[in-house]
């Protein structure tokens, strides 16, 4: 089939490359000429394990191409996916749909013959109706169907998630459009990925509800971690104890500095805005957002407390800047608030991240960026691990101790065993332990 992805960012590029790997003919369109130039030269605009190889293989096989010309990109397409950004709108937290609306208008002006237009971007309930209206207004005689097909990709594991999904949600009331979508995803039938066909508005809400629930699990275990510290319990054992219950599950029960990234922060805010618009309050999600925002600064204060309560004139070595490992995404990363809290208290911050430093420089310009973990640690008064990259999981503690001015380790991801670290002569502070 001929597939077009409007938007060559995280979702569009990963989805397009994976569709091409299934054997479809895919064109990725983006208005950012510099991004398209980079892709044409084989350079990825984002970091995602395995993506560069996947893109290169399918470009070489002539199944995947890139262009800035939307008309050229949609010519003859069976399905056109809208995969543009929907960032939080300043002032009210609602999803900014301007890119979606612009794409819909341009698609309407360009399509000929029956085409399925698929909203892949995360959008509020009712957006599909507006996309349909915009296309119809732009091209009253067009033959098309509008479908919601939310993405469920985890950064750092996106290719695996796309090729072996838990589920595929298709929001459509159009039998013809639904059949086209089944053909698009037919290569996944061998993996027995369940296809859930719902109404369009239901599909749009599934995405928000899913992310809000996962954000709630993270926030819940973080609050349990605070209680564990007060009563002398271990949150990791609590997580295992409740996670072994199949009704609860083990995932997203790892205590830490709070959630961040491109999805949870903006999607919880957008869900709250939708709930306000429809007078259906989401009190639990409101609490989740508030608790998570407060937690990030609290983790900065935890580091200060571990250093004796006063960091003025001291240096903190921070390992990990991205909101999670295996990505270069700094959006709403807990590290931002943690570092700002330390700087506000008078500390100098040295930092290292395997992939996120280029993104971090504009957000945190006063940080001293280093080329590796040990260079970061050298001369610091304490070490704080904020993101659990594999490169930080087996540090040489004899070397670390010799480089630090004071043997203080604050492990905000609980990747080390307290007894072993303390046996090596460190003062150790974890989360919920």
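What number of residues within the stretch 386-399 satisfy the criterion of being farther than 15 Å from residue 351 by Cα and in a helix (DSSP H, G or I)? Here the count works out to 4.
Yes/no matrix, rows are residues, columns are (1) within 15 Å of residue 222 (Cα to Cα); (2) touching a helix residue (DSSP H, G or I) at 6+ places or on another chain (Cβ under 9 Å); (3) touching a residue at least 24 places away in the same chain (Cβ under 8 Å):
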{"residue": "235", "(1), (2), (3)": "yes, yes, yes"}
{"residue": "252", "(1), (2), (3)": "yes, yes, yes"}
{"residue": "257", "(1), (2), (3)": "yes, yes, yes"}
{"residue": "270", "(1), (2), (3)": "no, yes, yes"}
{"residue": "277", "(1), (2), (3)": "no, no, no"}
{"residue": "292", "(1), (2), (3)": "yes, yes, yes"}
{"residue": "307", "(1), (2), (3)": "no, no, yes"}
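Please work out if residue 112 is surrounded by 22 or more Cβ atoms within 10 Å (Cβ to Cβ) and assigned to a loop (DSSP other than H, G, I, E, B). Spelling it out, it is not the case that residue 112 is surrounded by 22 or more Cβ atoms within 10 Å (Cβ to Cβ) and assigned to a loop (DSSP other than H, G, I, E, B). Just one of the listed residues (408, 349, 400) is in contact (Cβ under 8 Å) with a residue 24 or more places away in the chain, over 30 Å from residue 233 (Cα atoms) and surrounded by 15 or more Cβ atoms within 10 Å (Cβ to Cβ), namely 349. Residues in the stretch 170-187 that are without any contact (Cβ under 8 Å) to a residue 60 or more places away in the chain and surrounded by 15 or more Cβ atoms within 10 Å (Cβ to Cβ): 170, 171, 172, 173, 174, 178, 185. Look at (1) touching a helix residue (DSSP H, G or I) at 6+ places or on another chain (Cβ under 6 Å); (2) touching a residue at least 40 places away in the same chain (Cβ under 8 Å) and you find that residue 45 fails only one, number (2). Residues that are touching a helix residue (DSSP H, G or I) at 6+ places or on another chain (Cβ under 6 Å) and either touching a residue at least 40 places away in the same chain (Cβ under 8 Å) or surrounded by 21 or more Cβ atoms within 10 Å (Cβ to Cβ) (or both) within the stretch 57-77 comprise 58, 63, 64, 66, 67, 70, 74, listed in sequence order. Say whether the condition of being in the same structural domain as residue 160 (by TED's automatic domain parsing) and within 23 Å of residue 274 (Cβ to Cβ) is met by at least one residue in the stretch 59-66. Checked against the condition, which is being in the same structural domain as residue 160 (by TED's automatic domain parsing) and within 23 Å of residue 274 (Cβ to Cβ), the stretch 59-66 yields no hits at all.
For the stretch 400-433, give me each residue that is in a loop (DSSP other than H, G, I, E, B) and under 19 Å from residue 230 (Cα atoms).
The answer is 412, 413, 414, 430, 431, 432, 433.
Screening residue 24 with (1) modelled with pLDDT of 95 or more; (2) over 27 Å from residue 174 (Cβ atoms); (3) over 25 Å from the mean Cα position of the chain (by Cα) gives one miss only, at (2).
Listed by position, the helices (runs of 4 or more DSSP H) inside the stretch 163-270 whose residues that are more than 25 Å from residue 145 (Cα to Cα) number at least 1 are 200-231, 235-243.
The values are calculated or read from the model by the stated rules, or taken from the named source; none is laboratory data. Every value quoted in this text rests on a predicted model; they were computed, and no experiment measured them. Ideal geometry is used to build each Cβ from the backbone, glycine not excepted, and the neighbour counts take in all protein chains shown.
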